[in-house]
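I have placed the structure first, in the form of structure tokens, so that the comments after it can refer back to it.
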Amino acid sequence: MWKRLLVFGPPVLALVLLAAWWATQRTGVVSGVPTRDDTFLTNPYAVLVMIGYAVVLGLSGSRPRESLMLLMVLVGAQLLFWPARFSQSSWVGYLILLPLPAVLSRSVPAVARARTSVLLRITSVAIGTLLTIPALSVSGRWGLVNGQPWGVDVAVNAFTWVVICVAATAVSWRTGRAHQVREAELTATVLPVAVPESVGDLSTREREIFALVADGRSNADIAQAAFISEATVKTHVSNILAKLGLSSRSELIAFAYRTGLVAPFRSP
């Protein structure tokens, strides 16, 4: 059920958030290219970026890698092209990205979670500065080409929004991870309390992997449930087989059920 929700949920949510944003901003859209003096107008470039962000969220559950790459491209485009940036009145457009870390934390492979988390935090810093520092944009009247001087007010405002954006990203990411942990706890196979001496040399982690292998899980499924990489799973399985004197996963499964060592458990 959760896998299906990851595929179909983000596109629906993206469409709802995009429609809500358009409902609040459609009266302020101008047809021409605004200058930096037009700080309270939304333009066609910003609308296209907003649609792009909706696509980013829509893809995040089924194609996390492509979603993250498109996010990097769109944020880079906003940094380099002033008319593509949202005005101060439409900063709420960035709220469409708020659920993104939560979805990606559940959909990216285990080996890519740390890298994805770092990239999302870097992006949140860029968004915070896009909201507050006009001098970041290369194009426009007061872009980096001309160099707008920094002031105390600009610095304080920028720091505040960067902190807010990074914190929101962290909370969203942890929310997704927390749901995944609870899901894994409900669906994982568990060992009984009494463990025979024949497996007494297995570590706590090896006992967990042992139970998942005995349940017929693939390395990919075990990596997802245990929050480790597939390479780490292979290492654990090899160590378990060596300690138990077994030669294959099939022998491990036969051994587990022959001795009554594991008992499948599923949530009701």
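The values are calculated or read from the model by the stated rules, or taken from the named source; none is laboratory data. Predicted, not measured: the structure shown is a model, and the values here were computed from it. In this analysis, Cβ positions are derived from the backbone assuming ideal geometry, glycine residues included, and neighbour counts consider all displayed protein chains. Ligands, DNA and RNA are stripped out before the accessible areas are found, and what is left, the full protein with its side chains, is counted by its heavy atoms. Shrake-Rupley method; radii C 1.70, N 1.55, O 1.52, S 1.80 Å.
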* To do: Multiply the residue gap between residue 157 and residue 92 by 0.36 nm, knock off their C-alpha separation, and tell me the result in nm, one decimal place.
  => 21.7 nm
* **Karplus 3J(HN,Hα) series, Hz, for the range 115-120 with 6.51 cos²θ - 1.76 cosθ + 1.60 (x for Gly, Pro)** => 5, 5, 4, 5, 5, 5
* To do: Give the calculated FRET efficiency between residue 171 and residue 257 to the nearest 0.05, with a Förster radius of 35 Å applied to their Cβ-Cβ distance.
  => 0.25
* Round to the nearest 10 and report in Å² the accessible area of residue 45, as given by a 1.4 Å probe over the protein chains' heavy atoms. => 90 Å²
* Asked: Between residue 77 and residue 247, 0.36 nm times their residue separation minus their Cα-Cα distance comes to what?
  -> 55.8 nm
* Asked: To the nearest 10 Å², what's residue 215's accessible area with a 1.4 Å probe?
  -> 40 Å²
* Once the whole set of protein chains is in place, how much accessible area is left on residue 161, using a 1.4 Å probe, in Å² to the nearest 10? -> 70 Å²
* Stretched out fully, how many nm does the piece from residue 19 to residue 122 gain, at 0.36 nm a residue minus the Cα gap? -> 34.4 nm
